[in-house]
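Peer 1: This structure is in structure tokens; I'll ask about it shortly.
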Amino acid sequence: MAPKEPIGVIGVGWVGLCTAACFAELGHPVFARDILPEKVESLARGEVSMHEPGLPELVQKNTERLTFTTDMRHVLDNAQLLFCCVDTPPTYSGDADLSRVEAVIADLGDSTDHAIVMKSTVPVGTGRSISRRREELGYVSNPEFLKEGSAVEDFMEPDRVVIGANDGSEGFGDRVATLYEPIGGEIVRTDVASAEFIKLASNAFLATKISFINEIANVCEELGADVNEVARGMGLDDRIGPKFLRAGIGWGGSCFGKDVLSLKQLAGNTGYHFQLLTAVMEVNELQKRRTVGKLQKHLGQLVGKQIALLGISFKPDTDDVRDATSLVLAARLHGEGAHVRAYDPVAGDRARELLVGTTLAGSALEALDGADAAVLVTEWPEFAELDWAGEVKARMATPLVVDGRNFLDREGLRAAGFTYEGIGR
């Protein structure tokens, strides 16, 4: 069997590490570079600090194929396909900050036989701009569609793999396509600008779908309908589908907000006002704050009240707290004069500096002790398994639950004497 093509990975954050580990699992020698020596040293020892199911095991299993380094020259000497996986956070204007991408391009020096494979989410037109300035480099757009909490599975069993290459880089595009052949999924070959747009449009549509069902949930509350039943009936229509029709207290994380804002800003830069995305963002922010109104409905003024937040990460199976609903909710509750105690199975340490004024509890029961209300923010399985009718009720000062994900047993809680508030129910 012919040896697998070596690949380089530049930037070993969540996307970069998942990319490196999964390609190593497929048999490729991987040379992964990061600028942080302490991160490189810990990864070289097989230590993974982020919480992503299956990823630590994959790194440890493939230590012989994975080389972690701070030396770009070492990567360039060993691989021609260089997967760029650095962050592109939004600036104050809403545009993407491409400084890290530009640093990667600069670090390539005067290379003429390498290709940048862009996994970082970049504005449409980035590839065209780089190719014009660095004609000697190959350039392939290969956006990632990984979900936190299931990234390894998403990589190994993709819905589709998008590969964008313009004239002059088609050969590199063919080589990237070959890398993905063992894992299946439809390979979408297109131009660079379209590939860049597919990523932004996909995330913007999913965010729109969530904001839509949250608007429906709010109307359901006024009309006495159950949004779970409405969503179930809608999702059976194969033109709509059931995914991302789960009402809640808003989406968070590093992708949806950033990509929706980026697409809106890109449209605005051309003179087009993307009104729908403006509403999508507004609905999401308002949804996070409606929880405060639900608490006030039952407790009156929140000054001095003890509120327990169950869950800090923006979704289960990750310790990512970027743009998490819990951060907004805690800040609003502090603004109303409440005392906030929060618990998360894995994200507590990452959130410590962000949840200023919030007490971090060591367990769910500790967070609930003496609480006037419990707010379920993240649907970690352990919260459904709590003894709500027994120990939880005995510990709480007031048996009030606001279920921000419609995750808990509504009828069971009510039968146990709790006041239950869901979303759109």
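The values are calculated or read from the model by the stated rules, or taken from the named source; none is laboratory data. Quick caveat: nothing in here was measured; it's all calculated off a predicted structure. Here the Cβ positions follow ideal geometry from the backbone for every residue, glycine too, while neighbour counts run over all protein chains shown.
Peer 1: With farther than 23 Å from Thr419 by Cα and in contact with a Gly (Cβ under 6 Å, 6 or more places away or on another chain) as the only criterion, which of Asn284, Asn269, Asn203 stands out? Lay out the reasoning, then the answer.
Peer 2: Values: Asn269 fails: in contact with a Gly (Cβ under 6 Å, 6 or more places away or on another chain); Asn203 fails: in contact with a Gly (Cβ under 6 Å, 6 or more places away or on another chain).
Matching residue, one of Asn284, Asn269, Asn203: Asn284.
Peer 1: Test of understanding: among Ala231, Ala267, which residue is in the same structural domain as Ala351 (by TED's automatic domain parsing) and touching a His at 6+ places or on another chain (Cβ under 8 Å)? First the steps, then the outcome.
Peer 2: Values: Ala231 fails: touching a His at 6+ places or on another chain (Cβ under 8 Å).
Sole residue among the options that is in the same structural domain as Ala351 (by TED's automatic domain parsing) and touching a His at 6+ places or on another chain (Cβ under 8 Å): Ala267.
Peer 1: Does Met72 satisfy the criteria of being touching an Asp or Glu at 6+ places or on another chain (Cβ under 7 Å), touching a residue at least 12 places away in the same chain (Cβ under 8 Å) and farther than 28 Å from Val321 by Cβ?
Peer 2: Details: touching an Asp or Glu at 6+ places or on another chain (Cβ under 7 Å): yes; touching a residue at least 12 places away in the same chain (Cβ under 8 Å): yes; farther than 28 Å from Val321 by Cβ: yes.
So Met72 fits the description; yes.
Peer 1: Would you mention how many residues in region 77-100 are within 20 Å of the chain's Cα centre (by Cα) and among the hydrophobic types (A, V, I, L, M, F, W, C)? I'd like the intermediate steps shown before the answer.
Peer 2: Of the residues in region 77-100, the ones within 20 Å of the chain's Cα centre (by Cα) are 83-91, 94-98, 100.
Cutting the leftovers down to among the hydrophobic types (A, V, I, L, M, F, W, C) gives us 83-86, 96, 98.
Total meeting the criteria: 6.
Peer 1: Taking Leu333 as the residue in question, decide whether it is closer than 19 Å to Thr318 by Cα and crowded, with 19+ Cβ neighbours inside 10 Å. Let's see the steps before the verdict.
Peer 2: Working: closer than 19 Å to Thr318 by Cα: no; crowded, with 19+ Cβ neighbours inside 10 Å: yes.
So Leu333 does not fit the description; no.
Peer 1: So if I check each of Leu200, Leu179, which one is under 19 Å from the mean Cα position of the chain (by Cα), of a type outside the set (Val, Ile, Thr), within 30 Å of His114 (Cα to Cα) and not in a strand (DSSP E or B)?
Peer 2: Values: Leu179 fails: under 19 Å from the mean Cα position of the chain (by Cα).
Testing whether each residue is under 19 Å from the mean Cα position of the chain (by Cα), of a type outside the set (Val, Ile, Thr), within 30 Å of His114 (Cα to Cα) and not in a strand (DSSP E or B) leaves just Leu200.
Peer 1: Here's another thing I want to ask about it. Hey, could you check region 104-128 for residues that are among the small types (Gly, Ala, Ser) and surrounded by 13 or more Cβ atoms within 10 Å (Cβ to Cβ) and say which is farthest from Cys255 (Cα to Cα)?
Peer 2: Just the residues of region 104-128 that are among the small types (Gly, Ala, Ser), to begin with: 106, 109, 111, 115, 120, 125, 127.
When the remaining residues are screened for being surrounded by 13 or more Cβ atoms within 10 Å (Cβ to Cβ), the result is 111, 115, 120, 125, 127.
Details: Ser111: 32, Ala115: 25, Ser120: 11, Gly125: 19, Gly127: 20 Å.
So, considering only residues that are among the small types (Gly, Ala, Ser) and surrounded by 13 or more Cβ atoms within 10 Å (Cβ to Cβ), the one farthest from Cys255 (Cα to Cα) is Ser111.
Peer 1: Condition first: of a type in the set (S, T, N, Q) and either in a helix (DSSP H, G or I) or closer than 17 Å to Pro182 by Cα (or both). Now tell me which residues in region 1-59 satisfy that. Outline the logic, then answer.
Peer 2: Start the filter on region 1-59 by keeping residues that are of a type in the set (S, T, N, Q), which leaves 19, 42, 49.
Listed by number, the residues that qualify are Thr19, Ser42.
Peer 1: Another question, if that's okay. Answer yes or no: is there a residue in region 15-35 that is surrounded by fewer than 21 Cβ atoms within 10 Å (Cβ to Cβ), in contact with a Gly (Cβ under 9 Å, 6 or more places away or on another chain) and assigned by TED's automatic domain parsing to the domain that holds Arg100.
Peer 2: Within region 15-35 (the criterion being surrounded by fewer than 21 Cβ atoms within 10 Å (Cβ to Cβ), in contact with a Gly (Cβ under 9 Å, 6 or more places away or on another chain) and assigned by TED's automatic domain parsing to the domain that holds Arg100), the answer is yes, since at least one residue qualifies.
Peer 1: Moving on to the next point. Can you name the number of the only condition in (1) touching a helix residue (DSSP H, G or I) at 6+ places or on another chain (Cβ under 6 Å); (2) more than 21 Å from Arg350 (Cβ to Cβ) that Arg128 fails?
Peer 2: (1)
Peer 1: Another question, if that's okay. Can you find even one residue in region 390-399 that is over 20 Å from the mean Cα position of the chain (by Cα) and of a type in the set (S, T, N, Q)? Steps first, please.
Peer 2: Step one: list which residues in region 390-399 are over 20 Å from the mean Cα position of the chain (by Cα), which gives 390-399.
After this cut, where a residue has to be of a type in the set (S, T, N, Q) as well, the list is 398.
Yes, because at least one residue in region 390-399 is over 20 Å from the mean Cα position of the chain (by Cα) and of a type in the set (S, T, N, Q).
Peer 1: Separate question: So Thr291 passes all but one of these: (1) more than 21 Å from Ala338 (Cα to Cα); (2) part of a helix (DSSP H, G or I); (3) hydroxyl-bearing (Ser, Thr, Tyr). Which condition number does it fail?
Peer 2: In the conditions (1) more than 21 Å from Ala338 (Cα to Cα); (2) part of a helix (DSSP H, G or I); (3) hydroxyl-bearing (Ser, Thr, Tyr), Thr291 misses (1) alone.
Peer 1: Continuing with the same structure: For region 60-101, which residues satisfy the criterion of being in contact with a helix residue (DSSP H, G or I) (Cβ under 6 Å, 6 or more places away or on another chain), assigned to a loop (DSSP other than H, G, I, E, B), over 21 Å from Val140 (Cα atoms) and not β-branched (Val, Ile, Thr)?
Peer 2: Asn62, Arg65, Gly94, Asp95
Peer 1: Could you run through region 333-354 and say how many residues are of a type in the set (A, V, I, L, M, F, W, C) and touching a Leu at 6+ places or on another chain (Cβ under 7 Å)?
Peer 2: Residues of region 333-354 of a type in the set (A, V, I, L, M, F, W, C): 333, 338, 340, 342, 346-347, 351, 354.
Pick out the ones that are also touching a Leu at 6+ places or on another chain (Cβ under 7 Å) and you get 333, 338, 340, 342, 354.
Going through region 333-354 one residue at a time, the tally reaches 5.
Peer 1: Tally time: how many residues in region 36-56 are of a type outside the set (Val, Ile, Thr) and surrounded by 14 or more Cβ atoms within 10 Å (Cβ to Cβ)? Even if it seems obvious, please write down each step before you answer.
Peer 2: Going through region 36-56, the residues of a type outside the set (Val, Ile, Thr) turn out to be 36-39, 41-47, 49-56.
Filter once more, keeping what is surrounded by 14 or more Cβ atoms within 10 Å (Cβ to Cβ): 39, 42-44, 46, 50-56.
Number of matching residues: 12.
Residues are listed down the side, and each one gets a yes or a no for (1) polar (S, T, N, Q); (2) in contact (Cβ under 8 Å) with a residue 40 or more places away in the chain; (3) part of a strand (DSSP E or B):
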| position | (1), (2), (3) |
| --- | --- |
| Arg350 | no, no, no |
| Gly362 | no, no, no |
| Ala367 | no, yes, no |
| Ala374 | no, yes, yes |
| Lys393 | no, no, no |
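Peer 1: Given the options Lys288, Lys315, Lys305, Lys258, name the one that is touching a strand residue (DSSP E or B) at 6+ places or on another chain (Cβ under 6 Å), under 25 Å from Leu354 (Cβ atoms) and surrounded by 16 or more Cβ atoms within 10 Å (Cβ to Cβ). Even if it seems obvious, please write down each step before you answer.
Peer 2: Details: Lys288 fails: touching a strand residue (DSSP E or B) at 6+ places or on another chain (Cβ under 6 Å); Lys315 fails: touching a strand residue (DSSP E or B) at 6+ places or on another chain (Cβ under 6 Å); Lys305 fails: touching a strand residue (DSSP E or B) at 6+ places or on another chain (Cβ under 6 Å).
After applying the criteria, what remains is Lys258.
Peer 1: Ok, one more. Does region 96-113 include one or more residues that are in contact with an Asp or Glu (Cβ under 7 Å, 6 or more places away or on another chain) and of a type outside the set (D, E, K, R)?
Peer 2: Within region 96-113, the first condition is being in contact with an Asp or Glu (Cβ under 7 Å, 6 or more places away or on another chain), and the residues that meet it are 100, 112.
Still in the list and also of a type outside the set (D, E, K, R): 112.
Scanning region 96-113 turns up at least one residue that is in contact with an Asp or Glu (Cβ under 7 Å, 6 or more places away or on another chain) and of a type outside the set (D, E, K, R).
Peer 1: Tell me which residues, restricted to region 230-267, are in contact (Cβ under 8 Å) with a residue 12 or more places away in the chain, part of a helix (DSSP H, G or I) and small (Gly, Ala, Ser).
Peer 2: Listed by number, the residues that qualify are Ala231, Gly257, Ser262.
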